[in-house]
Structure formats: C-alpha cells, structure tokens
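Reviewing the structure listed below.
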Amino acid sequence: MIKFSYTNLGDDFLYREMRRKDREISSDDAFKILKNGEFGFLSLVDIDSNPYGVPISYVLDGNFIYLHCANLGFKLECMMNNPKVVFCVVGHTNVLPGEFSTEYESAICFGIASIVEDIDEIKKYMNIFCEKYSKDYLKEGEKYIINAMGQYKCIKIQIEHITGKSKK
C-alpha cells in the first residue's frame, strides 16, 4: 500500500506533497511559469463532488490569479458550492520520442476563488487582460471592457500554495 504525505495549509486545505522531489522547482520558478503562461486549467468540484476542469485564459498579479467568465455557468455554480480550486499551467514542453519521455515545466496553484465585486478592480484586471492578450489594441480594449461591463464576471483566486515541477 502506498502512503502519501500531506501538508495542512490551514482551514482544512490539504495538499499532497510531490512524489518526485528530484523534479520539484522553487516557488519562485513556479511563479515564473505561471506569469509567462498563455492559458491554464481550472479544476473545481460540483455540488455532488464530481470533478470539473476547464482551460481558461488568465492574468497574474502578485499572489492572485484573475479569470473572467459569463455571468451564469457551471464554473460559477461549482465555485459557489466550493471555492477551493486548483489552477495548473504548463510551460515549455519538448517530446523526446527516442527516449520515450518529455521535457516539461509546470506550476500548480491551490487556492480560494471569489467573485470580484469592485468595479474599479474589475476594470483594472480586464485592462491587464488586454495588455497580455491584445497589446496592440489597448484603446479598443478599454472601450470593449466598458461596453461589456455587466455581461461577465471577474474571478479572483487567492493562491494558498504553489508547486512546480520540471524535467529538462
């Protein structure tokens, strides 16, 4: 039988320690992967404890990940039921066919999701989205954000713990 080691982050937030310690990277390096990623995978659980994962664009600011979504939907239902989420980003990869292996780097964040209610905070982070994904269209993006206000939700994930892994 395999015995797993867990660490308690407080408030019953447990995470399992990494098995391959030889591939573990520092939290600073994990944050670099998170900062430079184009999209991530958000993992949640629904009201019946069924898992749900979705690829999504995001921005990072300090210890917070910001996402956006429609006003209604399964992601929001899941978060309202259980705000504990996992967010994963895969950085550089390189398949090594002759070695039956892959070079990779990844970061996994454990956190608490909440809906951003403050209009100024929403505008700030939607503008950061434009800077990341549409940097040549900032003026148009600002107008788009204002015109679409109220048609989407901005979600903030407070990172409670981050791990990173790499094989090069």
Worksheet, complete the sentence: For segment 113-168, whose charge dipole is built from +1 on Lys and Arg Cβ atoms and -1 on Asp and Glu Cβ atoms, the candidate among 149, 138, 166 with its Cα farthest towards the positive end is 166
Response to the item:
Expected field for residue 86, accessible surface area in Å² at 1.4 Å probe radius, rounded to 10, holds 40
Worksheet item: Karplus couplings for segment 77-94 from phi (6.51 cos²θ - 1.76 cosθ + 1.60, θ = phi - 60°), rounded to Hz, Gly and Pro as x?
Response: 4, 4, 5, 5, 6, 8, x, 6, 9, 10, 10, 10, 10, 9, x, 5, 9, 8
Worksheet item: Where does helix 27-36 land angle-wise versus the long Cα axis of the chain, in degrees 0 to 90, nearest 10?
Response: 40
Item to complete: Using only Cα atoms, tell me the angle between helix 138-148 and the longest principal axis of the chain; keep it within 0 to 90° and round to the nearest 10.
Response: 80
Worksheet item: In bins 10 Å wide, starting from 0, what share of all Cα pairs of segment 37-99 does each bin hold, as a percent?
Response: 18, 46, 23, 10, 3
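Using just the alpha carbons, could you tell me how many Å³ per residue the convex hull of the chain encloses? Present the calculation step by step, with values, prior to reporting the outcome.
On the way: hull volume 25.6 nm³, N = 168.
In the chain, the Cα hull volume divided by residue count equals 152 Å³.
Would you please name the GluC sites (Glu not before Pro) within segment 21-91 that are DSSP coil residues with at most 15 other C-beta atoms within 10 Å of their C-beta? Before the final figure, lay out the partial values.
Working: sites: 24, 38, 77; in loops: 38.
Answer in residue order: 38.
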Worksheet item: Where the only charges are on Cβ atoms (+1 Lys, Arg; -1 Asp, Glu), what is the dipole of segment 1-152 about its Cα centre, to the nearest 20 debye?
Response: 200
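Excluding residue 18 itself, what net charge comes from residues whose Cβ is under 9 Å from its Cβ, given Lys and Arg +1 and Asp and Glu -1?
So the environment of residue 18 carries a net charge of +4.
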Worksheet item: Along the charge dipole of segment 15-168, Cβ charges K/R +1 and D/E -1, which of 81, 100, 25 sits furthest on the positive end?
Response: 100
Worksheet item: How high is the relative contact order of segment 61-168, in percent, counting Cα pairs under 8 Å that sit 6 or more residues apart?
Response: 41
Worksheet item: Could you list, bin by bin from short to long, the percent of Cα-Cα pairs of segment 88-168 in 5 Å steps?
Response: 3, 12, 16, 14, 14, 13, 12, 8, 5, 2, 1
Worksheet item: Which aspartates and glutamates have a Cα lying under 12 Å from the Cα of residue 75, excluding residues fewer than 8 positions away in the same chain?
Response: 46
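In deg cm²/dmol and to the nearest 500, what is the mean residue ellipticity at 222 nm of the chain if only DSSP H runs of at least 4 residues count, each as -39500 (n - 2.57), divided by the residue total?
When only DSSP H runs of four or more count, the value is -8000 deg cm²/dmol.
Kindly provide the chymotrypsin sites (Phe, Trp or Tyr not before Pro) of segment 88-168 that DSSP labels as loop, not H, G, I, E or B, and whose Cβ sees at most 14 other Cβ atoms within 10 Å.
Working: sites: 100, 104, 110, 125, 129, 133, 137, 144, 152; in loops: 100.
When the chymotrypsin sites (Phe, Trp or Tyr not before Pro) of segment 88-168 are filtered for loop state and at most 14 Cβ neighbours within 10 Å, 100 remain.
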Worksheet item: Of the GluC sites (Glu not before Pro) in segment 87-168, which ones lie in a loop per DSSP and count no more than 14 other C-beta atoms within 10 Å?
Response: 117
Practice prompt. State to the nearest 20 debye the size of the charge dipole of segment 39-129 about its Cα centre, where the only charges are +1 on K and R beta carbons and -1 on D and E beta carbons.
Written response: 80
Fill in: Acute angle (nearest 10 degrees) that the helix 119-133 long axis makes with the longest principal axis of the chain, alpha-carbon atoms
60
Worksheet entry | Partners for residue 32 among lysines (Cα-Cα distance below 17 Å; same-chain residues under 8 apart left out) | 132, 165, 167, 168
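The values are calculated or read from the model by the stated rules, or taken from the named source; none is laboratory data. Worth saying up front: this structure is predicted, and the values here are computed from it rather than measured. Every residue, glycine as well, gets a Cβ built from its backbone with ideal geometry; the counts of neighbours run over all protein chains shown. When the accessible area is computed, the model is the full protein with side chains, heavy atoms only, and any ligands, DNA or RNA have been set aside. Shrake-Rupley method; radii C 1.70, N 1.55, O 1.52, S 1.80 Å.
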